[in-house]
Structure formats: structure tokens, C-alpha cells
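Have a look at the structure below, then the notes.
No lab work stands behind these numbers, since they all come straight from the coordinates. What you are looking at is a predicted structure, and each value in this text was computed from that prediction instead of being measured. Positions of Cβ are backbone-derived with ideal geometry, glycine not excepted, and every protein chain shown enters the neighbour counts.
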Amino acid sequence: MNATESIQLALQHSKNFSEALFKDMADQPFARTRPGVGQHAYWLLGHIVVSESFLLDQSLLGKPNRYESWLQYFDFRTASKDQIDGAPSYEDLIEAMGSIRQSTMDHLDTLSDGDLDKPCCEASENRPTFQSVGDCLNTISWHMVFHTGQVASARAAAGRDPLFA
């Protein structure tokens, strides 16, 4: 297995795991990681989408974030609030998660292992984690799984049994 195949596998597994948990929370998207506080699946899902678009569209492709209008709701600096007017629906976020991940996978298919060491478009001293193409792609995978762990906590707080045992 080469490096691009390894990244592809991580991206696919993280999507499959995350998608199952997020879809399971569709009937309770505002259940929080801890009752009354913490983050909920709705915000976490939107945050994953805008973040992956930042890494793919801006950092790797040098294009605008395709979900720029959603940053006001899901940027990492926003508070985890209940859905507000103008924000996308949970179903739209599920669809967007699949769409942005497919775009990431399609871009990865165009890369060789040697391309992974190339610099990102947005690399800077303020973003040392994202210095190379490989850094960005690996971050996409672990970022999704990190936040999906919070969704698992929200499920537990909502009284649900683990989805994966």
C-alpha cells in the first residue's frame, strides 16, 4: 500500500463511521455532548463540512470555500447554538458532508505519493499543521473522527446505546 492509498482508506473509513453516527442522530440533532452544555450533532456536522471545504478548497486547491455562507454558523469560533434562521437543515448538512468528502476523494485520485510533500496554498507560520498536501489530507480524516467522537458522547447523553460495539 502506498501513501495515497493509505490516506484514501483513512478518509473512507472516517466517512463511513461518521456518517452512520450523524444519520443516527437525525431525530435528535441538538442533543448535546453533556445535557445542557457542550456541542451537538448539528453544529459538529456543519463544522466538519466547512472545515473540510477549507482544507480542500482553500488549502489544497486555492479556491474559495464552497460553504463560505455557512461559516457564520459553523466556524470553529462560533458557539454551539441551536439552529438559527438561514442555517442549512440537518439533511442538507448530511448531503454536504458526502459531497465534500467525494470531492476530497476525487482530488486525492489525481495525486501521486510525491505530490503529498508539496506545500499547501494556504501554508503559513500560523498554520504549521497544514504545511503540505499530505498534512491537509491527513487532517481531514482525523478532524472528522475527532468530532464524531463528540457525536458518540451526545448519543450517550441522549440515552442511546453505542452504535458500534
Let me have the relative contact order for the chain, percent, based on Cα pairs under 8 Å that are six or more residues apart. 36
Evaluate the charge dipole of the chain about its Cα centre and quote only its size in Debye, nearest 20, assuming +1 on the Cβ of each Lys and Arg and -1 on the Cβ of each Asp and Glu. 560
Classify the range 1-68: rounded, prolate or oblate, from the alpha-carbon gyration tensor (a ≥ b ≥ c, eigenvalue square roots; a/c under 1.5 rounded; otherwise prolate if a/b is larger than b/c)? oblate
If amide H atoms are built 1.01 Å from N in the plane of the peptide, which residues on other chains or at least 5 residues away come under 5 Å of the amide H of C120? S132, V133
Cα convex hull volume per residue for the chain (Å³): 108
With labels modelled as points extended 7 Å from the Cα through the Cβ direction, what inter-label distance (nm, one decimal) is found for F146 paired with A26? 2.8
So if each residue of separation counts as 0.36 nm, and I subtract the Cα-Cα distance between E5 and D109, what length gain in nm does that give? 36.5 nm
The answer for the chain, counting only DSSP H helices whose Cα atoms cover 20 angstrom or more along the axis and whose Kyte-Doolittle average is 0.0 or greater, is 133-157
